[in-house]
1. Keeping to region B:98-129, report how many residues are assigned to a loop (DSSP other than H, G, I, E, B), within 14 Å of chain A (Cβ to nearest Cβ) and modelled with pLDDT under 95.
2. Is one or more of the residues making up region B:237-245 modelled with pLDDT under 90, surrounded by fewer than 18 Cβ atoms within 10 Å (Cβ to Cβ) and part of a helix (DSSP H, G or I)?
3. Testing residue A:118 on (1) within 14 Å of chain B (Cβ to nearest Cβ); (2) under 23 Å from residue A:34 (Cβ atoms), one condition comes back false. Which one is that?
4. For residue A:78, are the conditions met, namely being in contact (Cβ under 8 Å) with a residue 40 or more places away in the chain, within 12 Å of the chain's Cα centre (by Cα) and away from chain B (no Cβ under 14 Å)?
5. Which of (1) under 27 Å from residue B:320 (Cβ atoms); (2) out of contact with any strand residue (DSSP E or B) (no Cβ under 7 Å at 6 or more places or on another chain); (3) surrounded by 15 or more Cβ atoms within 10 Å (Cβ to Cβ) is the odd one out, the single condition residue B:214 does not satisfy?
6. If I go through region A:93-113 residue by residue, how many of them are within 19 Å of residue A:50 (Cβ to Cβ) and either away from chain B (no Cβ under 13 Å) or at pLDDT below 95 (or both)?
7. Considering only region B:75-101, state which residues are buried (at least 19 other Cβ atoms within 10 Å of the Cβ), touching a strand residue (DSSP E or B) at 6+ places or on another chain (Cβ under 8 Å) and under 16 Å from residue B:120 (Cβ atoms).
8. Which of (1) assigned to a loop (DSSP other than H, G, I, E, B); (2) touching a helix residue (DSSP H, G or I) at 6+ places or on another chain (Cβ under 6 Å) does residue B:197 not meet, given it meets every other one?
């Protein structure tokens, strides 16, 4: 099953990337995520591994994932090592006017689970899609608030310098 | 391959810790009617049946657990747990991440126990199917035709030897000390933890030096209207001696209406199942180097009952939760 959500954030790609590349922030903006912890010591970059869990229905579903593509300010993709089969991707593209188009994709399933596997994917899809959508909304809010905070701090500093 | 521990224990008449009828002194024996029986033909037939059951109990082999098989069946479990029982499992973060742990639960729902289904799903997805996880079950469950696949899920016949073997291998072991006594309690006692004084799980945890994690569930006893355990009826028919069945429960359940014995199961009502795993209890750290079993038992019962009371207080309506 493939689900995706997208949103435009009023911030440069670097600002958004600072959030999506930092595993420490995931619990703060990813909806439904109950665990996103670094394993094997490498916190970010190609080959970084995380144990993640997403609450869907009666279970927290996920497992160990590994980052398999890491293009700074642009793309980050991961695949599952254990647990549910999954492949996810953050896709960031800059737009005119200082905006960044953010897309979050997730493919998931259990190979070999047969018709019940297919059925469970269909029933889980609305919940997963909702989690992705809310995650992007929270990401947008947090990134834009941070942009405003930085801008306000810069203005204060400029005023203090002028005074 | 492992030797047939359960059968060996049965032959020796050892007490058993049972996942679906915990810590029962084995009275069932192979062969014909019990010695000294004056029951004639019915007694011999019942004895032969008991022998069949005993012979069908598979030898415990922990290697029969099959993570790939479990993984492929989790979506079906998820559908049932999420859509039918609206299952909710809390506190899995309390279960130690590694090493042997004894998960001690209260048990509900008759012979079909939705709490086991919901918890097994949640545990397997949370920790991954790679983590060894075994459930102890009544000999009768293990010997039923068509249920051999349970062994691939990690279900083993309940015996101290099997539990010790799994715990010493660093596995998580789920045990329901209340077993058949608790699982068939009347529906109006649904919010009461009742282990019937069975304390074998504490000795097991002490022997293996593993923590106990209480697992409290609510809702299972609302999947049918359980009327009575039928202990007197079981005794009258001699089932307690022949099949280690101390109960012959009577309930009102779909599709049977009046359901005696629940041997063929029933269609459970879609009661909401809520489960909470509590913080681990390190017996020697909390009760000293040589803990008093009765004191530990009272403590475990108290924390589980308190939690069950809290979970029950959250429910507004029967079945709907």
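The values are calculated or read from the model by the stated rules, or taken from the named source; none is laboratory data. Worth saying up front: this structure is predicted, and the values here are computed from it rather than measured. Cβ sites come from the backbone with ideal geometry, for glycine too, and all protein chains shown count toward neighbours.
1. Keep residues of region B:98-129 that are assigned to a loop (DSSP other than H, G, I, E, B), which gives B:98-100, B:106-113, B:128-129.
From what is left, the residues that are within 14 Å of chain A (Cβ to nearest Cβ) are B:98, B:128-129.
Narrowing the set further to residues that are modelled with pLDDT under 95 leaves B:98.
Summing the residues that are assigned to a loop (DSSP other than H, G, I, E, B), within 14 Å of chain A (Cβ to nearest Cβ) and modelled with pLDDT under 95 in region B:98-129 gives 1.
2. Of all residues in region B:237-245, those modelled with pLDDT under 90 come to B:237-245.
Keeping just the survivors that are surrounded by fewer than 18 Cβ atoms within 10 Å (Cβ to Cβ) gives B:237.
Going one step further and asking which of them are part of a helix (DSSP H, G or I), we end up with B:237.
Within region B:237-245 (the criterion being modelled with pLDDT under 90, surrounded by fewer than 18 Cβ atoms within 10 Å (Cβ to Cβ) and part of a helix (DSSP H, G or I)), the answer is yes, since at least one residue qualifies.
3. Tallying (1) within 14 Å of chain B (Cβ to nearest Cβ); (2) under 23 Å from residue A:34 (Cβ atoms), residue A:118 fails exactly one: (2).
4. no
5. Result: residue B:214 fails condition (2) only.
6. Of the residues in region A:93-113, the ones within 19 Å of residue A:50 (Cβ to Cβ) are A:104-108.
Then drop every residue that is not either away from chain B (no Cβ under 13 Å) or at pLDDT below 95 (or both), which leaves A:104-107.
Counting residues in region A:93-113 that are within 19 Å of residue A:50 (Cβ to Cβ) and either away from chain B (no Cβ under 13 Å) or at pLDDT below 95 (or both) gives 4.
7. Matches in region B:75-101: B:78, B:81, B:82, B:87, B:88, B:89, B:92, B:95, B:101.
8. Against the list (1) assigned to a loop (DSSP other than H, G, I, E, B); (2) touching a helix residue (DSSP H, G or I) at 6+ places or on another chain (Cβ under 6 Å), residue B:197 comes up short only on (2).
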